[in-house]
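Report on one structure; see the data block that follows.
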């Protein structure tokens, strides 16, 4: 087995998952962005410690500005990360059934009694009366 074989398997897995999530979400992603996303996720897996655009440019095949511009896309031009994670989980775990999503309580902010808010459908906080 060559050194690059697991890496090419990982890239193929990412490409399949991106295609599946794009198909489910209906997002219109250019092939160049999909290839850049595969490269970014591969570099994210390989690089140790903190990762920024400068390091992506140093170890990747594009300049820093390319990564920065493609990372700051509008919502309609971006990938749905939840669908990407679900398609990766389905592919790796060979599951076609429903999957449960668990969120660690440390990511949910604590609400004090005097500062309780309700979020409306658009994500704006409305004070509870």
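Just to verify a result, which residue in segment 47-85, among those that are surrounded by 16 or more Cβ atoms within 10 Å (Cβ to Cβ) and closer than 22 Å to residue 16 by Cβ, is modelled with the lowest pLDDT?
Checked segment 47-85; the qualifying residue modelled with the lowest pLDDT is 78.
For residues that are in a loop (DSSP other than H, G, I, E, B) and in contact (Cβ under 8 Å) with a residue 24 or more places away in the chain, tally how many sit in segment 10-36. Steps first, answer last, please.
The first filter runs over segment 10-36 and keeps only residues in a loop (DSSP other than H, G, I, E, B), leaving 26-30.
Checking the rest, the ones that are also in contact (Cβ under 8 Å) with a residue 24 or more places away in the chain come to 27-29.
Adding up the residues that qualify gives 3.
Out of 52, 72, which single residue is over 30 Å from residue 94 (Cβ atoms), free of Cβ contacts under 8 Å to residues at least 40 places away in the same chain and under 15 Å from the mean Cα position of the chain (by Cα)?
72
Check residue 88 against each of (1) exposed (fewer than 14 other Cβ atoms within 10 Å of the Cβ); (2) in contact (Cβ under 8 Å) with a residue 60 or more places away in the chain and name the one condition it does not meet.
(1)
Go through segment 37-56 and report how many residues are more than 15 Å from residue 72 (Cα to Cα) and either part of a loop (DSSP other than H, G, I, E, B) or touching a strand residue (DSSP E or B) at 6+ places or on another chain (Cβ under 7 Å) (or both).
Summing the residues that are more than 15 Å from residue 72 (Cα to Cα) and either part of a loop (DSSP other than H, G, I, E, B) or touching a strand residue (DSSP E or B) at 6+ places or on another chain (Cβ under 7 Å) (or both) in segment 37-56 gives 5.
The values are calculated or read from the model by the stated rules, or taken from the named source; none is laboratory data. Quick caveat: nothing in here was measured; it's all calculated off a predicted structure. Using ideal geometry, Cβ is built from the backbone for each residue, glycine included, and neighbour counts are taken over all protein chains shown.
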